[in-house]
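Structure first, then comments.
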Amino acid sequence: MSHEAAITVRNLKKNYTTYLRKGLFKREKKIVEALKGISFEVYRGEVFGLLGPNGAGKTTTVKILSTLLLPDSGEAKILGFDVVKEAAKVRKVIGVSLTVEKGFFWKLTGRENLTYFGMLYGIDGEPLKRRVEEVLDMVGLKNLGVADKLYEEYSLGMKARLSIARALITNPEVLILDEPTLGLDPPSARTLRELLVKIAHEERKTVLVTTHNMFEAEIVCDRIAIINEGRIIALDIVEKLKESVADNISLEIFALLPANISVKTVISAIQNKTGLLSDAFAENGGFRIKVVIPPKESDEATSKILRLLHEYKCSVRRVEVKEPTLEDVFIQLTGRKGF
Amino acid sequence: MGLKTLLKSGVILDLYLYKNNRGAFISMLLWPYLMLSLMLGMGILFGSPEAFRENIGLQVDPIIYFVASTLITMASLDVMWGVGGNVLFHRWIGTLPYILLSPNKTSLTLVFTYIPRYLLTAFIQIAEFAPLILIIEGPIQGLYKIGILIIAVTVGMLPLLGFSALFASLLLTIKEETNVLSWLNPIILLFSGAFYPAYLLPHWARLISQLLPSTYTIELARTAALIGAPKLANITFLIGILMGIALVYNMLAYLVVDIGEKKAMKAGAI
């Protein structure tokens, strides 16, 4: 991987105007700041992750880079072409996947859909036939024996593969993928992640992928930018990002909650009592509560939290101290309790 | 990228759609006769061929009159839905961003990928009515009228393409999710004289009617249907008007769709 930039984004800003209906004839104008001046570079041949919660500005960034949305100010270039002034040139060097659950003709097979879009993007004849076979093979739809099945009969995993295949149909240098594993079951998501890594490394593509899945970002991406509320708050390789919170301790408590107590109540109570941010995930009928604690406060905070859980009549089954993960980085940087 | 490939992509899309969806193909074949039967049935129920001729003021066969009306009305609706409504269709199925990512101008993509479907549908429908016209009018007169109908649906389509692309631009800009076209189309057809001759409309409505390309397409088909042997000068005049309007509307569409697309891209409507 070289350090030559394939994608350059400089101080990109974008506001949306929305209208809130107030009664039958009145409406109130509201400006939503989607991007507040983001800047980053994606190097040639790397898988670059844009990680952030819903509404952070990931899709806005992807749409601007895909030439489907005009920024208010700032600059974005792909392989040296400006996404606003040279949109047609940009379109020739990018492959885009925006959603995995739709975007194809339901009454066409996977192969037919790819043939149509290939033609729409300017490929024809023998080169198109060859490329359709190549990409079907690459994404594994041929092996699954579903290339000639109607799109309406596809599972979500197959649709996601077809979406990647379309992004690859013109053999572009840069792939822009917006949440390619969103909604997929774990085995399909895993297969797709492997596919992304394979495409990036074997086909030597530059890939910009957005996700809100930290595990995915960690295993797929060479570098990650964490985006929150329209700002990039961290950008580095995963190891470096983790190092930034290495001093902290990640405490994981698995507990069963009484029926009359909600997990939200417990999380708020932890924050009120300790001032620490925590997050909770449902697991095996109970909850895995995760708290990032500064080392100096670890003993005191741990006992405070356990006492609090006892007060709420939660049955604590397991307590673990873990190495910081990307999730911890996110919690520390954003102050948000997960997505 | 060549427009030939764009046209070809339209051809293969339609072939695939009809191949995989035979129900749609059969209903496309049945639709003109169903519409004709409905109009004739209503006419026979509430009137008679004699009463029809009396109202029109010409010795004309109502079947031929309604065949021409049906063909032109359906062709006009088809263009408006096919180009204008295409934006909605693509938005609903989620293909719109990928269509816009084509390296061609959006107006060209919308129009050129649609032309093959229009021609295929229009010619199939003319072919369906051809035996009926030949039986009623006889071989020479029948062939002459079929010829004029072919000219009407092909030349008449040209201004409608630009006109409908303007609608596409509107739908693109306002991020319209509802079916504006479903209530707008009948109004356009009404002003164009599809149901009542345009000269029977009030003055203000006639002014609107003169701006609509469908008015001249319908007029051309009527000329063929109503007059036994329309003069070549009449037909040439109408074709000339259609070509002129086609030029204006298509040039306008070429510019306006671009502006609409930019506006939609600014507002995040795509």
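Taken together, the values in this text are just the output of simple stated rules run on the coordinates, not laboratory data. Worth saying up front: this structure is predicted, and the values here are computed from it rather than measured. No Cβ is skipped: glycine too gets one built from the backbone with ideal geometry, and neighbour counts run over all protein chains shown.
Summary table
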item	result
Inter-chain Cβ neighbour average for residues B:5-17, partner chain, 10 Å	5
Vicinal HN-Hα couplings computed from phi for segment A:31-41 (Karplus, 6.51 cos²θ - 1.76 cosθ + 1.60; Hz; Gly/Pro x)	9, 10, 7, 7, 10, 10, x, 8, 9, 6, 10
In sequence order, calculated HN-Hα J values of segment A:87-95 (Karplus, 6.51, -1.76, 1.60; Hz; x Gly/Pro)	4, 4, 5, 4, 4, 6, 10, 10, x
Residue order, fewest to most beta carbons within 10 Å, for B:157, B:42, B:28, B:243	B:42, B:243, B:28, B:157
Sparsely packed GluC sites (Glu not before Pro) within segment B:172-222, loop by DSSP, other Cβ within 10 Å at most 10	B:177
Shielding score for A:9-17, defined as the mean number of other chain Cβ atoms within 10 Å	1
Calculated log₁₀ intensity ratio I(q)/I(0) where the Debye formula runs over C-alpha points of segment A:124-276, q = 0.16, 0.17 Å⁻¹	-0.99, -1.06
Pairs beyond 29 Å (Cα-Cα), from A:63/A:107; A:58/A:149; A:102/A:142; A:102/A:198	A:58/A:149
Sorted by Cβ density within 10 Å, fewest first, the residues A:195, B:200	B:200, A:195
Chain B: calculated mean residue ellipticity at 222 nm from DSSP helix runs of at least 4, using -39500 (n - 2.57)	-26500 deg cm²/dmol
In sequence order, calculated HN-Hα J values of segment B:150-162 (Karplus, 6.51, -1.76, 1.60; Hz; x Gly/Pro)	4, 4, 4, 6, 7, 5, x, 5, 4, x, 5, 4, x
Estimated translational D of segment A:249-323 in µm²/s (Stokes, Kirkwood radius over Cα pairs; 25 °C; 0.890 mPa s)	202
Cα Rg over Rh - the protein assembly as shown, Kirkwood	1.10
Chain B: angle of helix B:62-79 to the longest principal axis, Cα-based, in degrees nearest 10	10
Between segment B:236-270 and segment B:47-126, the Cα center-to-center distance that results, in Å	17
Isotropic mean projected area of the C-alpha convex hull, segment B:1-75 (nm²)	7.2
Loop-located trypsin sites (Lys or Arg not before Pro) in segment A:173-228, at most 16 other Cβ atoms within 10 Å (DSSP)	A:204
Cα-based Lys pair tally, chain B, threshold under 22 Å, eight or more apart or on separate chains	11
Highest-fluctuation residue, A:273, A:89, A:14 considered, GNM on chain A with Cα pairs under 10 Å	A:273
Kirkwood hydrodynamic radius of segment B:3-267, Cα pairs, Å	19.3
At q = 0.10, 0.14, 0.15, 0.22 Å⁻¹, base-10 log of I(q)/I(0) for segment B:125-270 (Debye sum, equal scatterers on each alpha carbon)	-0.43, -0.77, -0.85, -1.32
Alpha-carbon centroid distance for the pair segment A:53-106 / segment A:249-278, whole angstrom	40
Angstrom value of the Kirkwood radius, inverse mean 1/r, which spans all Cα pairs in segment A:5-243	18.6
Choice from A:23, A:110, A:74 showing the highest fluctuation, given a GNM over chain A with Cα pairs closer than 10 Å	A:23
FRET efficiency estimate (nearest 0.05) - Cβ-Cβ, residue A:320 to residue A:194, R0 35 angstrom	0.80
Value of Rg to Rh for segment A:87-204 (Rh from inverse mean 1/r over Cα pairs, i.e. Kirkwood)	0.93
At R0 = 25 Å, FRET efficiency that the Cβ-Cβ distance of residue B:150 and residue B:180 yields, to 0.05	0.20
Shielding by partners, peptide B:91-98 (average Cβ within 10 angstrom, other chains)	6
Linear extension gain, residue B:140 paired with residue B:211, 0.36 nm per residue minus alpha-carbon span	22.1 nm
